[in-house]
Each structure stands twice: as C-alpha cells, then as structure tokens.
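The values are calculated or read from the model by the stated rules, or taken from the named source; none is laboratory data. What you are looking at is a predicted structure, and each value in this text was computed from that prediction instead of being measured. Cβ sites come from the backbone with ideal geometry, for glycine too, and all protein chains shown count toward neighbours. Accessible surface areas use protein heavy atoms only, side chains included; no ligands, DNA or RNA. Shrake-Rupley method; radii C 1.70, N 1.55, O 1.52, S 1.80 Å.
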Amino acid sequence: MATKQKTLEWEYAPAPEAAKIAKVAKRYGHFINGKWTAPSSGDYFRTTNPATNKKLSEVADGSAADVNAAVKAARVAYEGPWGKMSGRERGKYIFRIARLMQERAREFAIIETLDGGKPIRESRDIDVPLAANHFFYNAGWADKLEYAFPNRKVSSLGVAGQVIPWNFPLLMAAWKIAPALATGNTVVLKPAETTPLTALKLAEIIADSGLPDGVVNIVTGAGETGAAIVNHPDVNKVAFTGSTGVGKLIQKSIAGTDKRATLELGGKAANIILEDAAIDQAVEGIVNGIYFNQGHVCCAGSRLFVQETVFEEVMWKLKRRMETLIVGDPLDKNTDVGAINSKEQLKTIQKYLKAGVEDGAEMFQPKCDLPSTGNWCSPTVFTNVAQSSRIAQEEIFGPVLAVQTFRTVPEVIEKANNTPYGLSAGVWSDKGARLFQISNALEAGVVWGNTYNQFDPASPFGGYKESGFGREGGLHGLAAYLDF
Ligand code: NAP
Ligand code: MG
C-alpha cells in the first residue's frame, strides 16, 4: 500500500509489522470491578480499522446503568482497600502496570495502529513508550507526595471520571489514570468510540497487575456514555480531553456542583520561522508537527508563519520534503502519514480543503497514489492564506497546513495570538534571546524552541483560552487530583 517516492528513482520495500501478534478478542464487555461485564442493554458496537474500514472487534455500548455500576465499584474501592493503602504500596502497583506495558509494548503499538490508523512508527516510538513513562513517573511520586508539595497537607479527591479522545488513545488513558492512582483516587474511564481497543488491553494488564478490584473501571460507549460519567453525582473530579465544543458542554453541565475539573481541548498552533533559523531543521520540524500522524494532534503545528525574506526558500524545501512523504499502510514501518481516523473526520477535513480554496488560498498536495480502500488525505499546504480564513482560524485536525508571512516580530506575535485557542506553538531562530522574547509573548501553554512535539511526563501540558484549563503531567498534573 505504500505510495511511490515521486522525487526518487526508487521506492522503499514494504516493511509491515505483523498484525497477527496482536490479540484482539471478537467482543469486549466493560471492565467493571475487576471483571469483564456485559452491557446492561445487551448492545455492542463495532470498532474498525480506518485503513481498510474492516471490523476489528465489537465493544459494549455503555448505558447510564453501566456507568452507575462502574462509579459504584470505584467508590467501594476508594472507601475500602485503595483509600486505606499507603502511597508506598500504591506505587508498587503503578510500577507493575508500567512494566507490564513495556513487556507488551509491541502488541500495544500494533493494536493502536490497527484501531486508530496512525503509523506504527509513531505508536511504537512515541505513544506506547510515553504511556509507560507516565506510569513510571507517577509511580515514583505515590509515596513522596509530602515532598512534591512541601508544607501542604494533601488528600485525594475520590472517584475520577475521565473521558478521552481518539488521537492518542493509550497515551491519554495513561495521562489520566497514572496521576489519579498515584494520588490515591479511583477511576472510571471512557475511551473514544472509534479507538477503544488499547484502553481495553490496558484493562487486561491492570487485571494482571493485581490492582484491587474497582480501582480502575473502563466503560466503552459514545458521547452519551461520556456524559453519564461526567454528570454522575458520585464523581468528584472530571478529567476530559477532547474538542472545545464538548468541553464547553461539560463545563456548563457541572457548573454549580462541587466537582473539580480539568479540560484539555482543541488547538491551532502557530509555528514561526524567523529569517535567521536553520531552515532545513525548521522544515523537518514543520513536517513532523503537521504531517506525521495525519495532523491528528491537538498541538499540531497547523499554522506556519514565515518571515518574508525566507518565504521562498522555506516553501521550496517544504514542498520538496512533502513529495517524499510516504502515505499508506499504517502498519508499514516506512509510513509517515497513516489513515484518517474515521469517515466523519475525513469529511471534516475535506470540508476545510474546500473552504481554503473558496477563501482564496492556494492549495498544494504532492502527487501520491492513495490506497483505494480506507480513509485517506494527502498532505496539504495552503499559501496566500488570509488571517480571517476558516483554515487559519478553525481546528482542522488533519494533515493541512496554512502558511502566512510576516515582516516583524510584533506583527507575528499579534497574528499568532489572533485565535480563540492557545495550546501550543513553535519558534525557530538562531538567537536564544529571540526565542525567549517570542515564547513569552505567545499565548500558548507549551512553546517549543527549535523543535516540535516533544513530550515528557515531568513537564506539564495544557492550554490557554479556549484550549482549556488545568495541566496534565509533572507536579501540576498530580495537583489536579489532590485537595490542599
Ligand atoms: P470529542 O468529540 O470532544 O470527544 C472526546 C471524548 O468525549 C470522546 O470519548 C467522546 O465520545 C466523548 N464525548 C462526546 N460527547 C460528549 C459529551 N457530551 N459528554 C461527555 N463526553 C463526550 O473530541 P474528538 O473529536 O474525539 O477528539 C479530537 C479533539 O480532541 C480535538 O479537538 C483535539 O484538539 C482534542 N484533543 C486535545 C488534547 C489536549 O491535550 N488538549 C489532546 C488530544 C486531543 P465519542 O468518542 O463517542 O465521540
Ligand atoms: Mg477503530
């Protein structure tokens, strides 16, 4: 399925990872109170491989009754063994989960790629190792909370209701579950409808780790299942990652309750290339920021601002690099750009491609033969983009880059901040002082300097403005699960 290298005389030979290593059951129930539990409605829904649109498995459709059973189990575990356990003992379980995840890393990576469509290189090298690292990092804090927050008396919150999206299914589950456990809370988590399988695999290793029943419960389902978790009266803390639209709904629905909440929402990140930047490295960073992983990244560098003097050079190099991107079979180790997660998401992206052209921007796509089945979108770049254009303002969540130019630093800061979002940004310059000057002025939770999409469990991540509030990762991420 790998597409041809148009600018080269030769092609990489296919190097597909072995799908059969992954053990996927034909059908999954919910993971409630340490047991696989059939849905009370008896209903299941399909999860498919977006590269082929073939069915992989079917999973339970969670009703309010299922959510209620999960919250009850989490409450009993919180009042019982887990709530009474020392941090030292809690930490041992979390370390065990991290090690089991490492042992089964290959299987996790394959399932992540099958279910979500992201290239195996990304799930193997980024998603799974980072997810394990989040468990390791948080395990280390479980018995040291008094050192993490000196002179403060901290206590856990209770039952955490967690709802996550489809773009980093396992990693988001790790971001949510690991700090909740380290701080002594119990969990009810719902993965996204299109990518439930790695969260269910995680349930298997959680069972293998011997974690007491009910400490982590995983309920599958659609948006209504998520809403049932968020609105359950016995949930003390809501942790949500997803779209700004749903984030706003959640905020409204919990207003007036004493639930704590963190919301990690959408983004429209600006990548800024100054004329003194190392252009080759910058171009590679731009490609990494928007095209690898199909742009299915909340912090994707979806807007590019280039200083006028280097615009032609940057665009020439960028287009040449785009010609070499390999779009195709996500299980192939050579693939750079995998499948679009769902038919609906592909339609959304296509709507924006049309909007970009209608708004007067110039569209470029490298010539590549897309596979005939599955959901695919060529890497796309728009130039001549007006600041008011929909492709410059709205989150697309696909491999689509909107390029604008600037002359001065104050101008680019104003343009970059002119969006309702504020999740992340990147700055490329040879001068450290300029990196600091610009990054301080950008309204974004994370600003990368001369690099992009770098993550570390010790570093907090989160947004400004409509990209949400609260931080995940680092001590900030632990603090979100504690009362002071
Ligand atoms: P989404 O539609 O908001 O869905 C996110 C999760 O919420 C899914 O599990 C979804 O279930 C569930 N959900 C839907 N409606 C709900 C409701 N009314 N109440 C409670 N839960 C509900 O987002 P998405 O399209 O799956 O994910 C992409 C979005 O996530 C993008 O906007 C991206 O920027 C954002 N994101 C942000 C971060 C960050 O850290 N800031 C990280 C990753 C992604 P279904 O799966 O059934 O719809
Ligand atoms: Mg799927």
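Kindly indicate whether Cys377 is surrounded by fewer than 24 Cβ atoms within 10 Å (Cβ to Cβ), part of a loop (DSSP other than H, G, I, E, B), modelled with pLDDT under 95 and in contact with a strand residue (DSSP E or B) (Cβ under 9 Å, 6 or more places away or on another chain).
Values: surrounded by fewer than 24 Cβ atoms within 10 Å (Cβ to Cβ): yes; part of a loop (DSSP other than H, G, I, E, B): yes; modelled with pLDDT under 95: no; in contact with a strand residue (DSSP E or B) (Cβ under 9 Å, 6 or more places away or on another chain): yes.
Spelling it out, it is not the case that Cys377 is surrounded by fewer than 24 Cβ atoms within 10 Å (Cβ to Cβ), part of a loop (DSSP other than H, G, I, E, B), modelled with pLDDT under 95 and in contact with a strand residue (DSSP E or B) (Cβ under 9 Å, 6 or more places away or on another chain).
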Of the residues that make up segment 313-328, is at least one buried (at least 23 other Cβ atoms within 10 Å of the Cβ), of a type outside the set (Phe, Trp, Tyr) and part of a loop (DSSP other than H, G, I, E, B)? yes
Quick check on my filter: what residues within segment 89-117 are open to solvent by 10 Å² or more (accessible area, probe 1.4 Å) and in a loop (DSSP other than H, G, I, E, B)? Arg104
Conditions (1) within 11 Å of ligand 1 (Cβ to nearest atom); (2) of a type in the set (Ser, Thr, Tyr); (3) not assigned by TED's automatic domain parsing to the domain that holds Val128: number failed by Ser243: (3)
Restricting the first residue to segment 427-442 and requiring it to be in contact (Cβ under 8 Å) with a residue 40 or more places away in the chain, which pairs with a second residue that is charged (D, E, K, R) meet a Cβ separation below 8 Å and a spacing of at least six or different chains? Val427/Arg434; Ser429/Asp276; Asp430/Asp276; Lys431/Asp276; Arg434/Asp276
Inspect segment 298-308 for any residue being open to solvent by 10 Å² or more (accessible area, probe 1.4 Å), part of a helix (DSSP H, G or I) and at pLDDT 95 or above and give the result as yes or no. yes
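Could you list all residues from segment 118-130 that are within 16 Å of ligand 1 (Cβ to nearest atom) and surrounded by 24 or more Cβ atoms within 10 Å (Cβ to Cβ)? Can you show your working first?
Start the filter on segment 118-130 by keeping residues that are within 16 Å of ligand 1 (Cβ to nearest atom), which leaves 118, 122-123, 126-127, 130.
Those that are within 16 Å of ligand 1 (Cβ to nearest atom) and surrounded by 24 or more Cβ atoms within 10 Å (Cβ to Cβ): Lys118, Glu122, Ser123, Asp127.
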Does Pro179 satisfy being over 19 Å from the mean Cα position of the chain (by Cα) and modelled with pLDDT of 95 or more? no
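What about Pro191, is it within 16 Å of ligand 2 (Cβ to nearest atom) and within 19 Å of Ala73 (Cβ to Cβ)?
Working: within 16 Å of ligand 2 (Cβ to nearest atom): yes; within 19 Å of Ala73 (Cβ to Cβ): yes.
Yes; evaluated as a whole, the condition is true for this residue.
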Are there any helices (runs of 4 or more DSSP H) wholly within segment 184-291 with 2 or more residues that are among the polar types (S, T, N, Q), and if so which? 197-209, 244-254, 279-290
How many residues does segment 448-483 hold that are part of a loop (DSSP other than H, G, I, E, B), closer than 20 Å to Gly301 by Cβ and out of contact with any Lys or Arg (no Cβ under 8 Å at 6 or more places or on another chain)? 11
Considering every residue within segment 390-400, establish whether at least one is closer than 27 Å to Glu313 by Cα, open to solvent by less than 20 Å² (accessible area, probe 1.4 Å) and part of a helix (DSSP H, G or I). yes
So Lys415, is it within 30 Å of Thr186 (Cα to Cα) and open to solvent by 20 Å² or more (accessible area, probe 1.4 Å): no
